[in-house]
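Beneath this line is the structure, given in structure tokens, with notes to follow.
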Amino acid sequence: MIEPTIFELSREGRPGYLLPPLDVPDTPVEELLDPKVIRTPLHLPEVSEFQIVRHFTRLSQATFGIDQGFYPLGSCTMKYNPKINDEIANLPGFAHLHPLQSPGQSQGVLQLIYDLEELLKEIAGLDRISLQPTAGAQAEFAAMLMVRSYHQQQSGNTRTKVLIPDSAHGTNPASAILAGYKIEVVKSGPDGLVDINDLKRLVDTDCAALMLTNPNTLGLFEREIVKISEIVHAAGVQLYLDGANLNALVGMAKPGDMGFDVVHFNLHKTFSTPHGGGGPGAGALGVKSHLEPYLPAPTVERQDNRYILDTDRPQSIGRVATFYGNIGILVRAFTYISRLGHTGLRAVSRLAIVNANYIRKRLENHYHIPYNRPCLHECVVSAKDFKSNGVHAWDIAKRLLDYEFYAPTVNFPLIVEEALMIEPTETEPKASLDAFCDAMIAIANEASSAPDLVKNAPHTLAVSRIDEVTAIRQLDLREAP
Amino acid sequence: MFHSITPDEEQDMLKTIGVSSFEDLLVEVPRNIRVKGLLDLPPPQSELELRRRLKILANQNINADNTVCFLGAGAYDHSIPAIIPALASRSEFTTAYTPYQAERSQGLLQTIYEFQSMICGLTGHEVANASLYDGASALAEAALTAMRITKREQIVVSGTIHPHYRGVLKTYLTSVGKIIEIPHANGVTNLKGVKDAINGNTAAVMLQSPNFYGCLEELSAGIQIAHDHKSLAVVSIDPIALGLLKPPSEFGANITIGEGQGLGNPLSYGGPYVGFFATRKEYVRQIPGRLVGRTIDTQGRRGFCLTLQTREQHIRRDRATSNICTNQALIALRSTIYLAVMGKHGLRAVAEQCLKKAHYTYQQLCNIPGVAPAFPHSFFKEFVVKLPCSPATVNQELLHAGIIGGLDLGSYDPALTNHMLISVTEKRTRDEIDRLVDTIARHIKSA
Ligand SMILES: Cc1ncc(COP(=O)(O)O)c(C=O)c1O
């Protein structure tokens, strides 16, 4: 079924949304505004409310979320999103609060922000948290600016380089560049972890920070984290954690205890706020006390049992969001953490780890697994053995759609050829892990016995393989008037 | 708890994995950095307990649902049609993520394409991206885009742009650009100041209209100055105003950005909101954020996919046009539904009611002895008045009358002490406006 676009559904003459009759003097617009600034054509559709409901309902049915099926998108922590999160965020006292109301009128939300900060401090083992960054990448950028201010303050010199492992997510280098740093890539060793000798070679007093992901994007814990921390700190380098993978650690180990100075984590991942079809998320930014003065302003403080917004932070890197961040997401994360409590959070990392290893084990005789040893919350397998048949990781992802699963993250991390990065999360039932593994194994067999079946997948959906090359060659990015 | 594995299943799975206990899976995590016992957090709480507790917190907030809101300044109390939460809360949308697998995400991709189309329709540009974090980050990304396009590094910013937007811009350009800020001249951009500041290294002139003070800017004059120096003109706008006002592109703006909160999204204490970014086709390879394109499948049927991804961080890494990854897709979806339900005529009607109600409020307020108009410029739904007393005390009085008053501008600009920025949306009724006016008049008289 091809659903028409909302513009194709439009018919001239359909009335717009009904407003109450105007109850103030109906002065003609031309008397209130210079006619030169009044617009004539407005390219918007004219559709009835019922048509809109049907249109977006149909489009939702042509969308795949975790509520429909297994969504093993690695690095994204596609876990169940409890419905109570949304209910609480929709309470009028949170949903309809204007950001510029005085703190006196906003004590409840300020307390929630403050309390969430306290919870995250304990989870991460850090001294202070800013909840202003609107996503992980924005927190990364803010962190690099903070590191910059810190070095400037310490030595009058911001330093010039940031070290990033070759397995890191693309936002890390993109964020460090935006903060004005040059990137030096640290090689991974044969075990998939940071090559300590390469790190030693690169670390010097011109390095501002090492941006590390732990567990890394292979789902492997940086075993030598304490040593890495010593090496970088000896040169005054700040140790940054990309905490996108906090789901592996929550309740089990704290980044602060591993030597990290500054950490971001993605509340939409670990704390299940949902992902919204691409966002919104929230990026919490946590620090040890020496970096606290540089956090984005304003901060939320408690004074004599009242909560205030502190704008008087002279060393702050400034604002990163228009107001205080994605508050609706913070409410959801707070609800989630409170719901699970200490025992619930502990079970999160344990079952996330068991589930990932179970998949790794069930697939190991069917897929090449480049670093095949116990992993944490995700495992990365390679489709390189099928290349000789013309089948790539990408094709396996497409074939999985026929088996009614979403696909893992494909071709990432870059250090694995033909990578399929699988993150089951703790909420997935065993039956769906088994069904997924069965499908992966069946596809591995197809890739050998009937490669075209895989190369031309999907076969069962409303559309077949989408032509991305044509999309670029004949750019069509909007419905033109 | 939300997990689904039973203790028996867990044992079976550990057996399949080939370990005798869960601990064996942690061999690479040094023991001395593991948490001993439980985190120092509260125990699990049931939904019942959480609801009770969090309702108490929520009820401590005075909000625009049970109080009449005349506060704006970048976040607006517009009405939200019922179908927006009904449709946008469908869990296919809320529990999906970035549509990397086009074939199984056609619906989501199409909603993004429709968002891009509507933002183009509103702004009169040819290209719009899938969303940015908020209006302020959209302004910052526009500056970075202009710097890439022009290969210049200085940005001239009007002091009439929202102070928080200017703050975020400053943060984003900390180490990669130079900002020259031109203080406002009587509520609008000081065009002479812009002319004096602009030079051969200016990547962009940045304006906002209606501006922070509610005033409409002389866009054509400001944009002309930019173009005279081969700089780009970037304009921040209120999308509701575009129901009535000519878009900046008609005056030559190169990039139009803005905050989409007003398009059917709750105030939510400042977020999640949605930034939009629209520009000319010639710049498409330089823009930040995700883009959805319409294309075909292998059988020639229409389909949609993410496109021009080589601009993005997951491909281009340190040479990406932006570091953005997770964006504000669900808020963009809400905005798309809003624009669909308003339609051509509805958005115009909303804009006209804002305009007329704001002007009625303005006139009534200016009739109060001691209250004076602050700036002699035309405005849309927001304006500034000078009061004979402190806006903070006026606001206290208003709160007693069930009204959230306007913004006290003194804390943003000492020259505007006793000035209040008032916003009037289509939601306000004549009764509410009269109550605002009466309460202020009474307060002034008694003071
Ligand atoms: C490892 C890693 N780092 C950073 C990010 C960026 O986070 P966000 O998408 O919230 O900006 C992601 C997520 O997409 C990630 O997987």
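We did not get these values from a lab; they are worked out from the coordinates using the rules stated. Values in this document were obtained by computation on a predicted structure and should not be read as measured data. Here the Cβ is made from the backbone with ideal geometry for all residues, glycine too, and neighbour counts use every protein chain on show.
Observations on the model:
- When A:A457 is tested against (1) surrounded by fewer than 17 Cβ atoms within 10 Å (Cβ to Cβ); (2) in contact with a Leu (Cβ under 9 Å, 6 or more places away or on another chain); (3) closer than 15 Å to A:K398 by Cα, just one condition goes unmet, and that condition is (1).
- Condition met for A:E468 (within 11 Å of another protein chain (Cβ to nearest Cβ) and more than 30 Å from B:S117 (Cα to Cα)): no
- Once segment B:60-96 is narrowed to residues that are without any contact (Cβ under 8 Å) to a residue 12 or more places away in the chain and either touching a strand residue (DSSP E or B) at 6+ places or on another chain (Cβ under 8 Å) or of a type in the set (A, V, I, L, M, F, W, C) (or both), the residue that is farthest from the other protein chains (Cβ to nearest Cβ) is B:A82.
- Residue in segment A:117-133 that is more than 16 Å from the ligand (Cβ to nearest atom), more than 23 Å from A:P274 (Cβ to Cβ) and free of Cβ contacts under 8 Å to residues at least 60 places away in the same chain present: yes
- The one condition in (1) within 28 Å of A:A176 (Cβ to Cβ); (2) crowded, with 22+ Cβ neighbours inside 10 Å that B:G177 fails to fulfil: (2)
- Taking segment A:417-432 as the range and being touching a strand residue (DSSP E or B) at 6+ places or on another chain (Cβ under 8 Å), crowded, with 24+ Cβ neighbours inside 10 Å and either assigned to a loop (DSSP other than H, G, I, E, B) or on the phi > 0 side of the Ramachandran plot (or both) as the test, only A:E423 passes.
- Some residue of segment B:290-307 being surrounded by fewer than 24 Cβ atoms within 10 Å (Cβ to Cβ) and more than 7 Å from every other protein chain (Cβ to nearest Cβ): yes
- Criterion violated by B:F115 - all others in (1) among the hydrophobic types (A, V, I, L, M, F, W, C); (2) crowded, with 24+ Cβ neighbours inside 10 Å; (3) within 9 Å of chain A (Cβ to nearest Cβ) satisfied: (3)
- Residues of segment A:67-85 satisfying the condition of being within 7 Å of chain B (Cβ to nearest Cβ) and in contact (Cβ under 8 Å) with a residue 24 or more places away in the chain: A:L73, A:C76, A:M78, A:Y80, A:N81, A:P82, A:I84
- Any hit, segment B:264-271, residues being within 7 Å of chain A (Cβ to nearest Cβ), of a type outside the set (D, E), assigned to a loop (DSSP other than H, G, I, E, B) and within 16 Å of the ligand (Cβ to nearest atom): yes
- Number of positions in segment A:121-152 that are surrounded by fewer than 24 Cβ atoms within 10 Å (Cβ to Cβ), in a helix (DSSP H, G or I) and touching a helix residue (DSSP H, G or I) at 6+ places or on another chain (Cβ under 8 Å): 1
Quick grid of which residues meet (1) in a helix (DSSP H, G or I); (2) among the polar types (S, T, N, Q); (3) surrounded by fewer than 19 Cβ atoms within 10 Å (Cβ to Cβ):
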{"residue": "A:M440", "(1), (2), (3)": "yes, no, no"}
{"residue": "A:A444", "(1), (2), (3)": "yes, no, no"}
{"residue": "A:D452", "(1), (2), (3)": "yes, no, yes"}
{"residue": "A:A462", "(1), (2), (3)": "no, no, yes"}
{"residue": "A:V469", "(1), (2), (3)": "yes, no, yes"}
{"residue": "A:I472", "(1), (2), (3)": "yes, no, yes"}
{"residue": "A:D476", "(1), (2), (3)": "no, no, yes"}
{"residue": "A:E479", "(1), (2), (3)": "no, no, no"}
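- If the condition is being in contact with a Pro (Cβ under 7 Å, 6 or more places away or on another chain) and hydrophobic (A, V, I, L, M, F, W, C), then segment A:293-320 contributes A:I308, A:L309, A:I317, A:V320.
- Restricting the search to strands (runs of 3 or more DSSP E) fully inside segment A:228-304 and requiring at least 1 residues that are in contact with a Ser or Thr (Cβ under 9 Å, 6 or more places away or on another chain), within 16 Å of the ligand (Cβ to nearest atom) and not aromatic (F, W, Y) gives A:238-242, A:262-266, A:283-287.
- Meets criteria (within 9 Å of another protein chain (Cβ to nearest Cβ) and either without any contact (Cβ under 8 Å) to a residue 40 or more places away in the chain or within 14 Å of the ligand (Cβ to nearest atom) (or both)) for A:Q111: no
- Residue match in segment A:191-199 (condition: in a strand (DSSP E or B) and either away from chain B (no Cβ under 12 Å) or away from the ligand (no atom under 16 Å from the Cβ) (or both)): yes
- Test result for B:S175, at the interface with chain A (Cβ under 9 Å from one of its Cβ atoms), assigned to a loop (DSSP other than H, G, I, E, B), of a type in the set (G, A, S) and more than 21 Å from B:G293 (Cα to Cα): yes
- Exclusive hit being surrounded by fewer than 23 Cβ atoms within 10 Å (Cβ to Cβ), in contact (Cβ under 8 Å) with a residue 12 or more places away in the chain and within 21 Å of the chain's Cα centre (by Cα), set A:K200, A:K254, A:K269: A:K254
- Test result for A:H342, at the interface with chain B (Cβ under 7 Å from one of its Cβ atoms), under 27 Å from A:D86 (Cα atoms) and outside any loop (DSSP other than H, G, I, E, B): yes
- Only listed residue being under 26 Å from B:G264 (Cβ atoms) and of a type in the set (D, E, K, R), chosen from A:K83, A:K121: A:K83
- Within segment B:66-100, the set of residues being within 20 Å of the chain's Cα centre (by Cα) and either among the charged types (D, E, K, R) or part of a helix (DSSP H, G or I) (or both) comprises B:D77, B:I84, B:P85, B:A88, B:T94.
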